[in-house]
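So the structure is just underneath, and the comments pick up after that.
The values are calculated or read from the model by the stated rules, or taken from the named source; none is laboratory data. Since this is a predicted model, take the numbers as computed values, not measurements. All Cβ positions, even for glycine, are placed from backbone atoms using ideal geometry, and neighbour counts span all protein chains on display.
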Amino acid sequence: MGYKKKSSNKGFILVETLIVSVFIMAIFSMLYTNFFPLIGEYERFRDYDTVESIYIAHWARMIALKGLPDSSYNTARTNGYLDISDCSLYTTSDGVNSCAAFMTVNNVSKVYLTPYSTTVFKDFVKDNNSFTRSFREYIAYLPTYSKNTTKTPASGYYRVIVEYISNNTYKYGTIEVFKG
């Protein structure tokens with residue numbers, strides 16, 4: 001009668017548990033290091049180009065198309081931007097009234113008209129301390145839109161950039177303008 005010695009797997013189970021634990025910790029550390037910076041970026045840019053701000057920018061575009069004279073577009077093309085927040089720039093009484101109502105109802109503080117490519121405006125705002133820090137950060141966040149060479153002021157393309165206050169926070173939006 002031979003007795004067989006029973007082998008013990010206790011050491012193997014311990015090693016297997018350690019390997020699985022290290023593997024799971026590696027996955028969690030990768031998720032942590034990659035996920036939390038994304039949350040930070042979201043919190044930093046959550047006030048940029050929201051549905052509400054695009055809607056407000058849309059109405060700023062409609063008012064600009066309806067009431068701004070062609071000389072305003074030429075000024076924006078020449079200077080790289082034009083502050084169209086002043087409602088007296090609009091040529092018709094309907095444009096002036098629409099602008100004033102729009103600015104008041106939406107709590108808009110600034111509206112800018114720029115060429116489609118915002119490169120000149122970005123360079124101007126970057127070094128100019130007359131703009132708020134949050135506005136300079138928003139403009140730095142925006143792409144230059146310079147790769148699209150078909151959309152130029154000569155072909156009638158501009159951008160409207162809107163700054164407004166909602167819930168005691170500055171928010172921003174931009175939209176394309178086609179002045180055909």
Being surrounded by 13 or more Cβ atoms within 10 Å (Cβ to Cβ), under 20 Å from the mean Cα position of the chain (by Cα) and part of a strand (DSSP E or B) is the requirement here; does residue 144 meet it?
no
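Give segment 78-95 a look and list any residue that's acidic (Asp, Glu) and either crowded, with 18+ Cβ neighbours inside 10 Å or over 17 Å from residue 162 (Cα atoms) (or both), or say none.
94
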Does residue 7 qualify as being among the polar types (S, T, N, Q), modelled with pLDDT of 90 or more, out of contact with any Phe, Trp or Tyr (no Cβ under 9 Å at 6 or more places or on another chain) and over 30 Å from residue 151 (Cβ atoms)?
no
Matching residues in segment 48-59 (buried (at least 19 other Cβ atoms within 10 Å of the Cβ) and either of a type in the set (Lys, Arg) or within 19 Å of residue 117 (Cβ to Cβ) (or both)) number 1
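Inspect all residues belonging to segment 149-157 and state whether any of them is over 17 Å from the mean Cα position of the chain (by Cα) and at pLDDT 90 or above.
Just the residues of segment 149-157 that are over 17 Å from the mean Cα position of the chain (by Cα), to begin with: 149-157.
Next cut, at pLDDT 90 or above only: 157.
Checked against the condition, which is being over 17 Å from the mean Cα position of the chain (by Cα) and at pLDDT 90 or above, segment 149-157 yields at least one hit.
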Has segment 38-52 got at least one residue that is modelled with pLDDT of 90 or more and either among the aromatic types (Phe, Trp, Tyr) or in a helix (DSSP H, G or I) (or both)?
yes
Of the residues that make up segment 66-77, is at least one buried (at least 16 other Cβ atoms within 10 Å of the Cβ) and outside any helix (DSSP H, G or I)?
yes
How many residues of segment 147-180 are in contact with a Gly (Cβ under 7 Å, 6 or more places away or on another chain) and surrounded by 14 or more Cβ atoms within 10 Å (Cβ to Cβ)? The answer is 2
For segment 99-121, name all the residues that are modelled with pLDDT of 90 or more and out of contact with any Phe, Trp or Tyr (no Cβ under 8 Å at 6 or more places or on another chain).
100, 101, 103, 104, 105, 111
Go through (1) over 22 Å from residue 122 (Cβ atoms); (2) not in a helix (DSSP H, G or I) and name the single condition residue 85 misses.
(1)
Considering only residues that are touching a Gly at 6+ places or on another chain (Cβ under 8 Å) and under 24 Å from residue 155 (Cα atoms), look in segment 96-118 and name the one that is surrounded by the most Cβ atoms within 10 Å (Cβ to Cβ).
114
